[in-house]
Structure formats: C-alpha cells, structure tokens
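The values are calculated or read from the model by the stated rules, or taken from the named source; none is laboratory data. From a predicted model like this one, the values you see are computed outputs, not experimental measurements. Heads up, the Cβs are rebuilt from the backbone with ideal geometry, glycines too, and the neighbour counts pull from every protein chain shown.
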Amino acid sequence: MAVIGFSRIRPMMYQDQITRNPVNRKHFVIPKGTVHFIPERCKACTYCWHFCPKDMLEESSAINAMGYHPPAVKEGMEDSCIACGMCETVCPEFAIYIEEANDRERAH
Amino acid sequence: MIQGKGHPKDAFLRSERLPHIWCPGCGIGIVLNAYLNALALSGIPREEVVLISGIGCTARLPGYANADSYHTTHGRSIAFATGMKIANPKLHISLISGDGDLFNIGGNHIMHAARRNIDLNVICVNNFNYGMTGGQHGSTTPAGSVTASSPYGNLEQSFNLPYMMKAMGASYVSRWTALHVRQLTRSIAKSFTVRGFSFIEVLSVCPPNFGKDNGFADAYAQMQYFREHCEIDNNADLHNAGVTFSGDRPIILGDFYHKTRPTFHDIEREIIERVRVDR
C-alpha cells in the first residue's frame, strides 16, 4: 500500500521554534498555503484557531446563518500559512481547507 | 477572507446534508475526516467500501459518507457486518459506531466477532457516556465521573477497551484521540490492510454532556486535556492503560498490537475445499 503525503520530511516546528533540527535542513523547503473558509458550515468549535501552529487564525466578528462566528485570518498574517493542514484535519465541520501553493521558499 | 468554493472532501461526502447534526466541537466529525483521508490514502475503490453503524451519535456518521452505508439496529451492527462479510468477502467493511452501541448494547456481538477473527475494521468513537440520550453513564464511563445518571460520581469500573479486545483475540488494536488526527489516519489506513479483526478506539469529546459535567468548560478544554495528558507508547502494558480524567496518570495511546492469525473466512474456505475433495 502506498501511503502518499507522509513521506515528505519537514523540520519539526512549533510556534516558530525549531524543535528538531536535521543536519540537512538547508535542503528542505517550507511549503506555503492559502486558507479557504466555508463559513456557512462553521459551528465555532474554536479548534482551528487554537491548534494552528502559526497562530494565524482568529474568531471573526461575522455571523453565519446558524449564529456562530466563523474563523478568519489575522490581519497581516495572510502569508504565514505553511500548509501543514492541521486546521483542515481537525475541523469537524469540513468548513476550512488549505490550498498549497506551487512556489516554495527555501529554508534558512 | 478567501471564500472556499468547495471542500476537497466534498466528493467523498453527501455534502448536501452538511452542516451535520453533531454539536459544536464534537470529535465525530474529525473521525469522519480522518476516515475519508485514510480511504483516499489506501486507494480502495469506493464500490468495495461499506460503512455500517448501529444507533447513537456516532452511528449517524455513515449517513454523511458518500459510500454504501447501513444504519442498523442498536448494538447489532457487528452481527449485520458479519453476515455481509461472509456473503461477500471482497468487501472492505468498516464499522464506525459509538462505545454505547458497540460495548454496552452490542458487547456480546463484538466479543464473538473478535474471537472468530472476522475481517472487519471496527472504529469505536468513545465519548464516555450515552451522548444522544442526554449523557447517562455506561460501561466506558471512568469511575468517579459525574454524568446525568451518576450525579455523585460513577461507582462502577469502566472497560479498558484495547485490553479487552486484545484478550478477545483481535488482530490489530490501537487507540488514539480525536486530536491525534494524523496517527489516527495512519492507523485507519493500516487497518484496511490488516487481515482479521482490527479495532481502533478513538477517545472523543462530548462537550454538552460528559465534558460539561466533568470540569471541561468547552470542547477545547477537553481536547487540551488530551494534548497535555496523552502519552504514546506502542508497547504499553495494556492492563494498566485504562482511561482516567483525574490528571494523576497519563492516557496511553498507540498502535498496541498487531498479530495476524487465520480469519474465519480462511478457515471456512479451507473446510469447504477439504469437504469437496473428500466427496
């Protein structure tokens, strides 16, 4: 069985701190992504903004049809997404997803 | 804010039924997400996948997956799946149901399915109480926990599900939480390849019932408890791997056990061939 998606090695990072530093880190690239929202599905469980490792999401002031405040990207952090996919995998409502950009920035 | 046109999982979902019925922060949506991820990773065609559930909150899950799904009577999902697997052994049958359905009402069935080693993938979403009926205590409620029907603390000992399933003869046993989504996805993908009875326990949150009664202000507080108090130990002594929310000892997670032995179908086929030759 081919398990795709888990084979790509990345430096382990938590809140901008490198927790594990492989010797060949210079060869790695940091992926970039954009966050997409489907606000009408959101029930404001707070998981996406609590578990985002870059801490780039927050509760917005907008109100959806069910009366919840869906998440939004913090101002000035639009380019911070590293496409880790945590918000997408932890969202119980299928209301948020990442699109990974093709161009990548070299690690430094 | 970028408005999404459609979620990448929408092809695997009956997306016209979303938003689903589960409470804000309920872990069952995360399990559905992980299951669909695992299905995509394993590359099994959707025509060969069947989802079966019993009754309860978790049992609503197959209704949102765009695959053949069956919502059976309370606790009898295992019996239903056993018949389906024996009739058509090519199917990949996944049972996704709650702890109340699989271990309280259907406890007898799951014991014997594991004993016979029927090739099923069982995912038990454990929220430690009967969530749908208002939060009564059941066989998986940790001792001392407050629920709607145990207001002074649960006086019974709870089941230790991985230990029980290993003892009953399951081929693959693992336990994760609704927060350990990547490990859970990998475990579900692995369970598709395991020949024999595979059992995955997913510790989940129940914010309005179990969580609220036991000192977790919201869904995030219980997830944060999992984040701080879980320990991954694949070679853990399962005897001591019971779940507690008292905070004095960690919740043990991991891919505990994987050992294949002949399945019910293997033995059945062998006997059929032998009897045919004898004639």
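Tabulated results
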item	result
Yes/no for B:Ile52 being more than 17 Å from A:Met66 (Cβ to Cβ), at the interface with chain A (Cβ under 7 Å from one of its Cβ atoms) and crowded, with 19+ Cβ neighbours inside 10 Å	no
In the range B:120-140, residue surrounded by the most Cβ atoms within 10 Å (Cβ to Cβ) [restricted to those that are among the hydroxyl-bearing types (Ser, Thr, Tyr) and touching a residue at least 24 places away in the same chain (Cβ under 8 Å)]	B:Tyr130
Subset of the range A:44-87 (residues that are within 10 Å of chain B (Cβ to nearest Cβ) and either surrounded by fewer than 15 Cβ atoms within 10 Å (Cβ to Cβ) or more than 23 Å from B:Tyr225 (Cβ to Cβ) (or both))	A:Ser60, A:Ala62, A:Asn64, A:Ala65, A:Met66, A:Tyr68, A:Pro70, A:Ala72, A:Val73, A:Glu78, A:Gly85
Unique match (being within 26 Å of B:Tyr130 (Cβ to Cβ), in contact with a Gly (Cβ under 6 Å, 6 or more places away or on another chain), assigned to a loop (DSSP other than H, G, I, E, B) and at pLDDT below 95) among B:Val243, B:Val205	B:Val205
Pairs with Cβ under 7 Å, 6+ apart, first in the range A:76-95 and in contact (Cβ under 8 Å) with a residue 24 or more places away in the chain, second hydroxyl-bearing (Ser, Thr, Tyr)	A:Cys81/A:Thr34; A:Val90/A:Tyr47; A:Cys91/A:Tyr47
Answer residue from the range B:189-223, given it is in contact with an Asp or Glu (Cβ under 9 Å, 6 or more places away or on another chain) and free of Cβ contacts under 8 Å to residues at least 40 places away in the same chain and is farthest from B:Asn160 (Cα to Cα) among those	B:Lys212
Test result for B:Cys57, under 30 Å from A:Met77 (Cβ atoms) and crowded, with 19+ Cβ neighbours inside 10 Å	no
Close pairs from the range B:13-37: first within 11 Å of A:Arg41 (Cβ to Cβ), partner acidic (Asp, Glu), Cβ under 7 Å, at least 6 apart	B:Pro19/A:Glu93; B:Gly29/A:Glu93
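One line per residue, one yes/no per condition, for (1) more than 19 Å from A:Gly67 (Cβ to Cβ); (2) of a type in the set (Lys, Arg); (3) within 15 Å of the chain's Cα centre (by Cα); (4) at the interface with chain A (Cβ under 8 Å from one of its Cβ atoms):
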site: B:Gly4; (1), (2), (3), (4): yes, no, no, yes
site: B:Lys9; (1), (2), (3), (4): yes, yes, no, yes
site: B:Glu16; (1), (2), (3), (4): yes, no, no, no
site: B:Pro19; (1), (2), (3), (4): no, no, no, yes
site: B:Trp22; (1), (2), (3), (4): no, no, no, yes
site: B:Cys26; (1), (2), (3), (4): no, no, yes, yes
site: B:Gly29; (1), (2), (3), (4): no, no, yes, yes
site: B:Ala34; (1), (2), (3), (4): yes, no, yes, yes
site: B:Ala40; (1), (2), (3), (4): yes, no, no, no
